[in-house]
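The values are calculated or read from the model by the stated rules, or taken from the named source; none is laboratory data. Remember, it's a predicted structure, so these values are computed and weren't measured experimentally. Because the Cβ atoms are built from the backbone with ideal geometry, glycine has one as well, and the counts that use them run over all protein chains shown. With ligands, DNA and RNA removed, areas are computed over all heavy atoms of the protein, side chains included. Shrake-Rupley method; radii C 1.70, N 1.55, O 1.52, S 1.80 Å.
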Protein chains: 2
Amino acid sequence: MKSAAKAMQAEDSAETGAQQIRDAIREAIVERRLSPGTKLSESDVGNLFNVSRTLARAALQALSYEGLVSVEKNRGAFVAYPSPEEARQIFSARRLVEPGILREAAARITADDISQLKQLLLEEGRLMSERGQTARRAEIKASGDFHLMLAEISGNAIMQRFMEELVARSSLVIALYGQSTASSCGHSEHGEIISAIESSDLDRACRLMLHHIAHIETDLDLRERKSLGLKEAFEL
Amino acid sequence: MKSAAKAMQAEDSAETGAQQIRDAIREAIVERRLSPGTKLSESDVGNLFNVSRTLARAALQALSYEGLVSVEKNRGAFVAYPSPEEARQIFSARRLVEPGILREAAARITADDISQLKQLLLEEGRLMSERGQTARRAEIKASGDFHLMLAEISGNAIMQRFMEELVARSSLVIALYGQSTASSCGHSEHGEIISAIESSDLDRACRLMLHHIAHIETDLDLRERKSLGLKEAFEL
DNA sequence: GTGCAGAAAATCGTATACAATTCCGCCGGC
DNA sequence: GCCGGCGGAATTGTATACGATTTTCTGCAC
């Protein structure tokens with residue numbers, strides 16, 4: 001309900017209404033307030049934001065292009081439920097592009113950028129030590145923001161958009177298959193990467209980045225979770 | 001009309017009507033039947049395909065997410081007109097991801113894949129020697145398909161989709177800023193890359209790929225083309 | 001002829017209406 | 001009791017309707 005109110009207040013924004021709805025839903029998905037598989041009916045979304053189905057539908061379509069929502073013909077839209085294979089591909093893509101982004105970012109980075117990165121790191125650490133759902137959600141967001149900021153620094157808007165997609169989908173994967181409570185990125189690894197950049201040791205930075213991504217993947221249990229709703233579900 | 005890479009997904013009236021329209025327009029853009037800057041009004045598109053504005057709008061929205069169409073609020077949709085900076089970023093992105101894709105593809109490639117690649121090459125060569133608009137258009141498509149097939153072989157659907165976007169946008173850039181009539185890729189370079197893959201010389205293949213992309217860029221004149229609609233336009 | 005205000009036309013943004021499809025419970029047959 | 005078919009409700013797919021914004025055209029003053 002309060003999200004609906006938020007949508008109303010920003011009514012006279014520059015963007016078309018569908019964009020705001022899309023952003024609101026995306027944020028909810030990335031922060032894991034919406035679980036994978038949840039049905040997002042057009043009417044419900046429309047009612048929630050006090051708009052017609054037209055706009056709700058447009059927002060859902062947009063999210064499906066980002067891979068955060070899957071729409072099935074004549075059946076509706078659902079929060080994406082990435083398969084293990086999809087999960088592997090997402091992280092494979094990250095391993096493929098993030099070192100390159102890191103290199104480009106390092107080539108253009110300014111002192112101001114570095115201090116911003118460090119501030120992000122600090123914030124991340126602060127949230128980690130806090131308790132509570134909201135802190136947890138903010139932490140998830142912050143740890144993704146580190147990777148996104150590197151993409152931003154790289155100065156390539158296309159890669160930046162791609163990284164936004166990958167980070168968002170990673171959040172879904174972690175929500176589904178993550179095991180440890182340490183929800184997302186190893187915080188300290190972010191710091192080490194910054195250090196390596198500062199000392200202009202690019203190779204080391206890239207190695208750390210790859211290690212970091214691998215580390216996140218290690219925390220996943222990517223076994224096919226079939227229906228499982230059988231005897232196995234009850235014999236424990 | 002049987003592009004191998006189009007092995008995308010089934011038919012039987014496939015997806016919702018908007019998708020077909022989107023694909024048709026995308027093809028027209030990539031084959032340069034639609035020039036950058038051309039206005040795509042919702043009504044016109046709808047009439048052209050005998051559907052309502054609703055579907056036309058959905059298709060245009062979809063294309064805007066791919067960067068092939070830019071929609072301006074309350075003004076309409078236009079075939080994208082990438083700025084020189086955008087063009088640089090597109091090719092920068094390709095330099096960043098294509099070597100990685102190539103490596104993954106090489107790791108999974110089969111004999112059958114190689115023969116398909118070679119066949120694509122042959123087709124490309126044949127089209128090159130032909131005259132006429134339609135041959136030219138088919139050639140443009142074929143030269144892009146080489147890169148797309150590598151992405152497909154890599155087995156990563158996410159990277160494949162990203163490459164589809166990059167190749168399509170590259171076509172726009174070449175249409176805008178390309179100088180030589182040799183519309184697109186150096187044909188022979190594709191062959192060399194295949195050879196390097198065949199002999200398992202990955203480093204060489206990557207070097208060739210980077211060189212190949214650089215070669216395409218060399219053919220661009222990325223100077224800001226301001227209005228130019230002034231005296232310069234008439235004094236020649 | 002030039003320039004500008006204002007109306008008319010065209011086009012987009014959003015809502016609503018209707019058709020098509022799927023989902024779900026009910027019922028009779030076996 | 002279980003299975004398969006048959007409405008009715010719910011939901012999506014598409015079209016149309018209407019208000020808002022932009023563009024174009026017209027006419028009058030200068």
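Quick notes on this one:
- Degrees separating the helix B:53-65 axis from the principal Cα axis of chain B, which is the longest one: 40
- Placing R0 at 45 angstrom, the Cβ-Cβ distance between A:Arg126 and B:Arg95 gives a FRET efficiency of 0.75 after rounding to 0.05.
- Interface B:A - total buried accessible surface [probe 1.4 Å, Å², rounded to 100]: 2200
- The Rg/Rh ratio for chain B is 0.98, where Rg is the radius of gyration of the alpha carbons and Rh is the Kirkwood radius.
- Charged side chains reduced to their Cβ positions (Lys and Arg at +1, Asp and Glu at -1) give the protein assembly as shown a dipole of some 1020 debye around its Cα centre.
- Taking every C-alpha pair closer than 8 Å and separated by at least 6 residues, the mean separation divided by the residue count of chain A gives a relative contact order of 21 percent.
- Normalising by residue count, segment A:84-218 has a Cα convex hull of 95 Å³ per residue.
- Calculated P(r) of the protein assembly as shown - Cα pairs past 42 Å, %: 19
- On a per residue basis, chain B carries 52 Å² of accessible surface, using protein heavy atoms and a 1.4 Å probe.
- Amide H contacts of B:Leu34 (H built 1.01 Å from N, under 5 Å, at least 5 apart or other chain): B:Ile29
- Taking trypsin sites (Lys or Arg not before Pro) as exposed when their DSSP state is a loop state and no more than 16 other Cβ atoms lie within 10 Å, the longest site-free interval of chain B runs over B:132-222.
- With all projection directions averaged, the alpha carbon convex hull of segment B:49-103 covers 5.4 nm².
- Across segment A:84-218, the mean sequence separation of Cα contacts (distance under 8 Å, 6 or more residues apart), normalised by length, yields a relative contact order of 35 percent.
- Inter-copy label distances at A:Ser41, shortest first and taken from points set 7 Å along Cα to Cβ: 3.9 nm.
- The value of relative contact order for segment A:18-77, using C-alpha pairs under 8 Å at least six residues apart, is 38 percent.
- Separation of the A:Glu224 and A:Arg207 label points, Cα + 7 Å toward Cβ, nm: 3.8
- Computed from Cα positions, the angle between helix A:157-177 and the longest principal axis of chain A comes to roughly 70 degrees.
- Note on segment B:81-149: Kirkwood radius taken over Cα pairs, Stokes-Einstein applied at 4 °C and 1.567 mPa s, translational D equal to 93 µm² s⁻¹.
- Given +1 at the Cβ of Lys and Arg, -1 at the Cβ of Asp and Glu and no other charges, the dipole of segment A:84-218 around its Cα centre is 260 debye to the nearest 20.
- Interface residues, segment B:91-117 - accessible area loss of 10 Å² or more versus chain alone, probe 1.4 Å: B:Ser92, B:Ala93, B:Leu96, B:Val97, B:Gly100, B:Glu104
- Candidate aspartates and glutamates for bridging to A:Lys73, where Cα separation is under 18 Å - those fewer than 8 sequence places away on the same chain excluded: A:Glu42, A:Asp44, B:Glu11, B:Asp12, B:Glu15, B:Asp23
- Long-range amide H partners of A:Leu40 with built H, under 5 Å: A:Ala77, A:Phe78, A:Val79
- 0 to 90° range, to nearest 10: angle between helix B:202-218 axis and chain B longest Cα axis: 30
- Portion, in percent, of the accessible area of the protein assembly as shown that falls on carbon or sulfur, probe 1.4 Å: 52
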